[in-house]
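Q: Here it is, the structure, as structure tokens.
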Amino acid sequence: MASPRTDLLPDGTPAPTRRVESEAVYLAFAGGIAGALYGFVVALLAPSLSLADEDPFALWAAIGAAVVAAIAATIGYWRSRNRPGQEWRRSLPSWKFTVNTISVVIVHIALAFLATYALYRVLALGFIGLPVITFWAVVLMTVTLGLSAYIVYLSVSSMTTQRMSSLLMTFIVIGTLTAMVTTPDPEWWTVHFSHLGSFDALSSWIFNGTLIAGGLLVTTFAVYIANDMEEQVRAGVLENPRGARVVPILFVVMGIMLACVGIFPVDVNLALHNISASGMAAMFIVLLVSGPTLLRGMPRSYFVASWSFFAATIASVILFIPAVGYFSLTAFEIIVFALIFGWIAVFIRFLEAAGRAD
């Protein structure tokens with residue numbers, strides 16, 4: 001009787017090898033040592049630190065986690081190109097590999113910053129006024145930076161299309177929610193979704209930065225999709241070779257449009273902002289409508305799901321138009337945004353499952 005495969009995690013991504021786990025642990029030790037030194041320096045520079053909102057311990061911790069994440073992500077993503085199943089990345093043009101690396105690193109930096117900042121803000125609500133003496137500053141920074149290095153290194157070392165998709169969704173959701181809860185205008189939702197990026201405040205930097213980095217990640221995402229689709233074409237699963245070239249291009253355009261939404265906030269250039277948002281939506285519609293031709297060979301259930309997303313998009317447009325007016329602009333933008341990224345997740349899962357035998 002054949003033993004079950006142990007090289008895949010429950011989510012279908014490759015399990016870390018012993019070498020990767022060892023490297024992650026050693027990097028965590030290094031991050032912990034750096035964290036101890038960093039915590040000691042922070043305590044010297046700001047001796048009256050506490051977990052209260054008015055004190056910047058959360059910000060100090062988030063900055064440290066981001067720096068460590070940058071180092072761990074760069075090392076891990078660079079080294080993982082030699083792992084089984086990742087060899088195809090070595091054949092990429094140097095500029096494309098560089099862009100991919102930069103986008104993956106930026107997203108992990110942002111996730112480490114946001115997650116750490118949010119964690120310590122939550123702790124501040126549970127330990128109001130608790131002073132952070134030198135000992136605890138050292139301990140907390142050691143744990144924070146060590147865990148950041150460990151988690152980030154493992155994440156980038158097992159990067160697949162599906163994990164890239166999950167990373168994209170997580171990043172977009174966390175970044176957007178952080179902008180929502182930190183915005184200086186609690187009634188931003190009465191205007192429109194893009195209003196979050198129109199303030200001269202940290203929340204707007206987070207919102208626009210999330211869109212820019214997310215768009216960059218989508219362009220990297222397209223490289224992984226191209227590789228997966230070419231494999232499916234060679235295996236005879238996908239019947240239209242042209243789809244392996246066109247679909248990734250459409251994803252690249254979608255990523256550029258998403259980034260431009262953040263590059264041109266509504267208060268900077270409304271016309272370019274709207275063109276970028278409309279362009280992203282247009283690429284989404286093209287991908288849905290062209291699916292039966294470009295993705296011929298995908299399971300029938302995928303096309304059922306795809307046309308359901310298309311129907312939901314059309315229904316949202318109808319409910320938003322002034323003649324009906326059931327949806328506000330904010331609700332319409334959020335719904336379409338959710339449909340786009342929801343479809344991406346479904347598409348990736350079906351693309352990976354298409355070639356598997358039941």
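The values are calculated or read from the model by the stated rules, or taken from the named source; none is laboratory data. Since this is a predicted model, take the numbers as computed values, not measurements. Here the Cβ is made from the backbone with ideal geometry for all residues, glycine too, and neighbour counts use every protein chain on show.
Q: Just give me the residues in the range 173-188 being crowded, with 22+ Cβ neighbours inside 10 Å and within 18 Å of the chain's Cα centre (by Cα), in sequence order.
A: Residues of the range 173-188 crowded, with 22+ Cβ neighbours inside 10 Å: 175, 178-179, 183.
Residues satisfying the conditions are GLY175, THR178, ALA179.
Q: While we're on this one: For the condition among the small types (Gly, Ala, Ser), part of a helix (DSSP H, G or I), buried (at least 16 other Cβ atoms within 10 Å of the Cβ) and under 14 Å from the mean Cα position of the chain (by Cα), what is the one hit in SER155, SER148?
A: Every option except SER155 fails the conditions.
Q: Of a type in the set (A, V, I, L, M), assigned to a helix (DSSP H, G or I) and surrounded by fewer than 18 Cβ atoms within 10 Å (Cβ to Cβ), is that true of VAL42?
A: The answer is no for VAL42.
Q: Shifting gears a bit: Could you say which residue among VAL253, VAL191 is more than 24 Å from VAL286 (Cα to Cα), surrounded by fewer than 21 Cβ atoms within 10 Å (Cβ to Cβ) and out of contact with any strand residue (DSSP E or B) (no Cβ under 7 Å at 6 or more places or on another chain)?
A: When all the criteria are applied, what remains is VAL191.
Q: Here's another thing I want to ask about it. Quick check on the range 210-226. Is at least one of its residues more than 21 Å from the chain's Cα centre (by Cα), in a helix (DSSP H, G or I) and on the phi < 0 side of the Ramachandran plot?
A: no
Q: While we're here: Test MET298 against the criterion of being part of a loop (DSSP other than H, G, I, E, B) and modelled with pLDDT of 85 or more, and give yes or no.
A: It is true that MET298 is part of a loop (DSSP other than H, G, I, E, B) and modelled with pLDDT of 85 or more.
Q: Among the residues that make up the range 69-88, is at least one of them under 23 Å from LEU216 (Cα atoms), modelled with pLDDT under 80 and assigned to a helix (DSSP H, G or I)?
A: Yes, that holds for at least one residue.
Q: Do you know which of the residues in the range 1-39 that are outside any helix (DSSP H, G or I) and of a type in the set (D, E, K, R) is modelled with the highest pLDDT?
A: The residue in question is ASP7.
Q: Considering only residues of the range 194-235 that are more than 21 Å from PRO93 (Cα to Cα) and free of Cβ contacts under 8 Å to residues at least 24 places away in the same chain, which is surrounded by the most Cβ atoms within 10 Å (Cβ to Cβ)?
A: Top of the filtered list is LEU196.
Q: Here's another thing I want to ask about it. Taking ASN269, is it within 29 Å of VAL181 (Cβ to Cβ) and polar (S, T, N, Q)?
A: Answer is yes for this residue.
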